[in-house]
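The values are calculated or read from the model by the stated rules, or taken from the named source; none is laboratory data. Here the structure is a predicted model, which means the values were calculated and not measured. All Cβ positions, even for glycine, are placed from backbone atoms using ideal geometry, and neighbour counts span all protein chains on display.
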Amino acid sequence: MHIDPRKPIFQCIKTSLKSVVKDPIVIEKLTNAAVLTSRIMTHTLNVIKLYIIYQYDHGAPLPTLDKPFVTSVMKVLCDASPSGRPPKAETLRVKEVLARFYAEHYEPIMLDTLNYRHLNTVLDYMAIDVITMYENNIKQHYCQYVERFVNVSLQKRERIEAIKVTEVSAEVKKTQTNLLCRELRKVKNDILSVNDPKTSDPQYHQWIDEQRPRVMPQGVLRENSVFYDIQCTPQDYLTKMVYMMKAVEAVGNTISSVFPLRSQLIPKHFRLDTTSLVFLLFTNQNGKRTGVTRDGNLKKMQSDVWGLFFKTDMKCFHRDKDAHSYTFHHMIETDGVSCSIVLIRKDKAGKIVKTPKEKKGGGEKYIDELGEEERETLAERKLVGIDPNMGDLLYCVDSDQRDQTKFRYSQDTRRKETKFKKYMNLLQFMKRDVVDGRRVDQWEADMSAYNKKTLNFEAFKVYLQHKNALNVRLAPFYNKYLFRKLRLGSYSRRQITEARLLKRFELLFGSSEQAVVCIGDWEQKQHRKFKEPVKGKGFRTLFRKAGYDVYLVDEFRTSCRCSACDEHGT
């Protein structure tokens, strides 16, 4: 059987947990584990943020967010397990420091009791998730933080307001505002371009020289680019982000979330592999755990072990005998209601899978960057132009003639087919339930008096004190089955509407062998209230998974050009 090496190594199939388990007791145990791991994750993110702020305020180096550190935080939060091998000396020192900090600053306001019995492997996966949260946040938002810091420090808003009240014409005001924005844009570029000569006005050069060491890591940038360097070592930029947002907060401006937190109480998914399965679900009726976990038996018997609790003969598990490119990886993710079955490409099954490095220049291609050979290949196929927007999420045409074929996928269509409003109204209705003499939404409204984004140590402790008390009060309400059922239903409806979208598109424009997708590169930087999110990259990925060749179209200044003669309008 030939397997296309271009296919993703992993694939996931989502279904309901009750449809794939053999015994309801399994659902109960996995639900309890999902609730417990969600609580551990919530407190872990709280403590990491509190600890990093404490270290920063006292001039101490920030910890490296690696798996040993994050798992140490998790285990300090939980009751110590009497069994297990002793930790390494270095890990023990880290845990002692964290334990002292926890006892002094977090334990009095935690109001919760946790344990990680049979969850050691699960905690390892959760630690990787925490590191990923932090690094993704830094990679995606660091440059935005620099922009925010420059705008606040150089009083962009105040200077624009001063221009607006001057007694000059609207055209002059617009020109002055544009000049100011250009000035500040050059300042931001100078801060990020360490080795290039400054292009901003000389009046800003002293300020740039003072601030650059505080907002940029000192050292040689990889590939002489901050954008490349931040992808390689994102944690080097965490201290700088804290400095910038503290400066913004100090002058009374709103700040972005430097630290990821989990404020939602509905239990989330956790990852279950064969080791965790044995420790969580094995009973005396299934035999002794040691008979499975020792002498390499875990690997040999993993299919049999999963077969004890799950209906692994179902089609969704894709056993080796199936004529399919993927097979069951002996791993799932579940929240006690839904179940994501992890599959691996058959040529990689049983092997150590390394994360593939992203190739240079391996990003998305623009249609005007294609060579002659690629253009000749596409010349025989229909080019479909797609304009992403906020009203029509996708507006598709196949020519610029009057008899062109059109297709619209509007936000109203998506909202109706996903039943978004129905689910939101149901959630709001459920929050009318009374807990301890008050409605749930009234309890939650009290938290608006506190700021979870704050980088002030004492203010954040006050927030955590009230948030933890609220979590204990409302946890039984949000642990109900219906909330996770609605989340699974929302996912299913999104899959259905996207499948319908592809089917309609194929009927109008042809299959992936007949049509090429050329989509505008406009993106929605900030979500607008009461509008469906514009899934720019999401829609491009959707078309690629359906087999279409997808290319970007540069939309810069296209709104002021004539589509027929390419002349600029007035």
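For this structure, a couple of remarks:
- Residue count for region 449-488 under the criterion of being of a type outside the set (A, V, I, L, M, F, W, C) and not in a helix (DSSP H, G or I): the result is 8.
- Output for region 435-448, where each listed residue is in contact with an Asp or Glu (Cβ under 9 Å, 6 or more places away or on another chain) and in a helix (DSSP H, G or I): 440, 443
For (1) hydrophobic (A, V, I, L, M, F, W, C); (2) surrounded by 13 or more Cβ atoms within 10 Å (Cβ to Cβ); (3) free of Cβ contacts under 8 Å to residues at least 24 places away in the same chain; (4) within 30 Å of residue 324 (Cα to Cα), each residue gets a yes or a no:
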| residue | (1), (2), (3), (4) |
| --- | --- |
| 17 | yes, yes, no, yes |
| 20 | yes, yes, no, yes |
| 25 | yes, no, yes, no |
| 31 | no, yes, no, no |
| 42 | no, yes, no, no |
| 54 | no, yes, no, no |
| 59 | no, no, yes, no |
| 75 | no, yes, no, no |
| 117 | no, yes, no, no |
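- Only listed residue being more than 29 Å from the chain's Cα centre (by Cα), outside any helix (DSSP H, G or I) and either of a type in the set (S, T, N, Q) or farther than 30 Å from residue 338 by Cα (or both), chosen from 87, 108: 87
- Given (1) crowded, with 19+ Cβ neighbours inside 10 Å; (2) assigned to a helix (DSSP H, G or I), number of the condition residue 65 does not satisfy: (2)
- Of all the listed residues (308, 261), the sole one being modelled with pLDDT of 95 or more and out of contact with any His (no Cβ under 7 Å at 6 or more places or on another chain) is 261.
Residue-by-condition table, conditions (1) over 18 Å from residue 268 (Cβ atoms); (2) at pLDDT 95 or above:
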| position | (1), (2) |
| --- | --- |
| 101 | yes, yes |
| 113 | yes, no |
| 117 | yes, no |
| 122 | no, yes |
| 138 | yes, yes |
| 141 | yes, no |
| 149 | yes, yes |
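- Scan of region 176-193 for residues that are among the hydroxyl-bearing types (Ser, Thr, Tyr) and closer than 11 Å to residue 160 by Cα, ordered by number: 177
- Candidates 503, 525, filtered to the one that is charged (D, E, K, R), surrounded by fewer than 16 Cβ atoms within 10 Å (Cβ to Cβ) and not in a helix (DSSP H, G or I): 525
- Enumeration of residues in region 243-260 that are among the hydrophobic types (A, V, I, L, M, F, W, C) and buried (at least 18 other Cβ atoms within 10 Å of the Cβ): 244, 245, 247, 248, 255, 258, 259
- Considering region 311-358, the residues that are modelled with pLDDT of 90 or more and at positive phi include one that is surrounded by the most Cβ atoms within 10 Å (Cβ to Cβ), namely 336.
- In region 274-315, residue farthest from residue 122 (Cα to Cα) [restricted to those that are touching a residue at least 40 places away in the same chain (Cβ under 8 Å), of a type in the set (A, V, I, L, M, F, W, C) and in a helix (DSSP H, G or I)]: 308
- For residue 432: the one exception among (1) more than 23 Å from the chain's Cα centre (by Cα); (2) under 28 Å from residue 49 (Cα atoms); (3) outside any helix (DSSP H, G or I): (2)
- Filtering region 194-221 to residues that are basic (Lys, Arg) and outside any loop (DSSP other than H, G, I, E, B) leaves 212, 214.
- Residue in region 140-177 that is nearest to the chain's Cα centre (by Cα), counting only those that are assigned to a helix (DSSP H, G or I) and among the hydroxyl-bearing types (Ser, Thr, Tyr): 142
- Residue satisfying condition, being closer than 29 Å to residue 479 by Cβ and outside any helix (DSSP H, G or I), within set 81, 38: 81
- Residues satisfying the stated conditions in region 1-32, i.e. part of a helix (DSSP H, G or I), under 17 Å from residue 485 (Cα atoms) and hydrophobic (A, V, I, L, M, F, W, C): 17, 27, 30
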